[in-house]
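The values are calculated or read from the model by the stated rules, or taken from the named source; none is laboratory data. Since this is a predicted model, take the numbers as computed values, not measurements. Backbone-built Cβ (ideal geometry, glycine too); neighbour counts: all protein chains shown. Surface accessibility is based on the protein's heavy atoms, side chains included, excluding ligands, DNA and RNA. Shrake-Rupley method; radii C 1.70, N 1.55, O 1.52, S 1.80 Å.
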Amino acid sequence: MLRSSGVLMPISSLPNHEGIGTFGQSAYHFIDFLVNSGQTYWQILPLGTTSYGDSPYQSFSAFAGNTYFIDLEILYQWGLLEKNDYENISFGKDPENIDYATLFHTKRPLLEKAVKKFLQDKPNWTAYQDFIRENEKWLIPFAQYMACKEHFLLESVSNWDPPIRLRQEPALSQLLAQQKDVIDYHLVTQFFFFRQWYLLKEYANQNHIQIIGDMPIYVSGDSVEMWQMPHFFKVDDNGQSTLVAGCPPDGFTKGGQLWGNPIYNWDAMAEDHYQWWIWRIQESLKLYDVVRIDHFRGFESFWEIPFGSKDAAPGHWAKGPGYALFKAVKEALGDVHIIAEDLGYPTPEVAQLLKDCGFPGMHVLEFAFDGNDSIELPHNYDSNSIAYVGTHDNQTGLGWYLTASDQEKACAENYIKRHPEESVPEMLNRAIAASPANTAIYTMQDLLELDDRARINIPSTLGGNWQWRMLEGQLTPALADKLRQLTQIYHRLNPAYKG
């Protein structure tokens, strides 16, 4: 990666009147902002479906898209909705926060109406059939899974009747035949999602903006993968997880982090020459220009916890596939554009895996100021790395400073040499811009100088996360100019910038 920069901004956080960010006009405006400020990258969070807890890291499928991101205005332009279908509907009262409960009840009927119109009039029918044919390997099982899930009133797959949970015939075929309309709904809405996303990505790429997408290392326990291919996970004879994922206790979380995702059966995946992972990465590289793999250290070793534990403390470390997985990926796909999220529990083994793969790792400035020569201090950054003030899992820059100790504040200001007229977020952004890291990624919250009320996620907490939204009008020409000046000073301008 050449010396460059970009902005981390979730699709969900874009402003509009639809209750959540979408692939509509505000997304195109955001790309224009990136162009005008000389950026190269737009980093987003996972695009997958969300469920309990609203986390994009707990999806019903490793491949399907979040239908909340389908833009209603574009459906109107396609002739599938009328403006009065959605213009007078309230999708939430607070424009700065997503109301998922309201969205759950308001968006589905509108999408159902659009699907009915689509199936009746058959616009873009050839493109739809092509989409099904090209994606049937994941698409058909996903639509079937969701149809079964709706039949069981959205219960987790672990609570379904055994014949359906275990995919036994003829019970499964009989149920799917009864659920044909629901299956069609999920097929068509996935077509809407991907058609809108690829149009948006095409606009970004035409304007020399590359998309950094996020791929969670794990899948959800309530997912089509657990239903369709349980042999790839550590499960019992009934398809129930025996071990789940998380992180061990540390200075931030006394009981560790209990994520609850099923643990991969790496032996079974190795016997299959990692074909599922090769396919998953290949599909991700269709969606994005660069793929950030979350929790990369889990490929070297991972924390597995007995199912049913109250927290992560009873877990233990187990060995992952290591370089063998990425060797197989390289042999199948060639050199791939991947960022390794290698934060937390640094070990020589993880460092060696990163070196063997050649992927850039990550640095977070907020972790740097403990008074020691931390690897998170910018002078220690390798050029083959990505620099952040914080990620979606951290406080905003201003939020961190307001809660930091006096020693941490003094260390930061002495190290960075804060200018008298400089705000805290400006100081922190300047530090990563000036670093040796080839890529600096700023969060939108830090560019807007927001405190922790704009924080995206607090790990190991349920509720109140993934809600922040930017307000309309906050992407000003003055902000673009300010970011462009920072970008130009530290030689990170997009080579295609023509301002």
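Below, the figures for the structure above:
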| item | result |
| --- | --- |
| Filtered residues of the stretch 304-335 (kept if hydrophobic (A, V, I, L, M, F, W, C) and open to solvent by 30 Å² or more (accessible area, probe 1.4 Å)) | Phe307, Ala313, Trp317, Ala324, Ala332, Leu333 |
| Search result, residues across the stretch 134-170 that are touching an Asp or Glu at 6+ places or on another chain (Cβ under 6 Å) and either in a loop (DSSP other than H, G, I, E, B) or charged (D, E, K, R) (or both) | Ser156 |
| Subset of the stretch 80-122 (residues that are open to solvent by less than 40 Å² (accessible area, probe 1.4 Å) and not in a helix (DSSP H, G or I)) | Leu80, Leu81, Phe91, Gly92, Ile98 |
| Flag for Pro56 being part of a loop (DSSP other than H, G, I, E, B), open to solvent by less than 30 Å² (accessible area, probe 1.4 Å), touching a strand residue (DSSP E or B) at 6+ places or on another chain (Cβ under 9 Å) and at pLDDT below 95 | yes |
| Helices (runs of 4 or more DSSP H) within the stretch 394-470 that include 2 or more residues within 28 Å of Glu96 (Cβ to Cβ), touching a residue at least 40 places away in the same chain (Cβ under 8 Å) and aliphatic (A, V, I, L, M) | 397-403, 424-434, 444-447 |
| Residues of the stretch 192-216 satisfying the condition of being part of a helix (DSSP H, G or I) and open to solvent by 10 Å² or more (accessible area, probe 1.4 Å) | Phe194, Arg195, Tyr198, Leu199, Lys201, Glu202, Tyr203, Asn205, Gln206 |
| Residue within the stretch 140-160 that is free of Cβ contacts under 8 Å to residues at least 40 places away in the same chain, over 29 Å from Arg195 (Cα atoms) and in contact with a helix residue (DSSP H, G or I) (Cβ under 6 Å, 6 or more places away or on another chain) present | no |
| Cross-chain or 6+ apart pairs with Cβ under 6 Å, the stretch 115-127 first and in contact (Cβ under 8 Å) with a residue 12 or more places away in the chain, then surrounded by 14 or more Cβ atoms within 10 Å (Cβ to Cβ) | Val115/Tyr185; Val115/Val188; Lys117/Leu80; Phe118/Leu80; Phe118/Val188 |
| Residues that are open to solvent by 10 Å² or more (accessible area, probe 1.4 Å), polar (S, T, N, Q) and in contact (Cβ under 8 Å) with a residue 40 or more places away in the chain, drawn from the stretch 357-389 | Ser383, Asn384 |
| Some residue of the stretch 23-40 being touching an Asp or Glu at 6+ places or on another chain (Cβ under 6 Å), buried (at least 24 other Cβ atoms within 10 Å of the Cβ) and touching a residue at least 40 places away in the same chain (Cβ under 8 Å) | yes |
| Set Trp266, Trp276: member being in contact (Cβ under 8 Å) with a residue 24 or more places away in the chain, within 21 Å of Ile338 (Cβ to Cβ) and touching a helix residue (DSSP H, G or I) at 6+ places or on another chain (Cβ under 8 Å) | Trp276 |
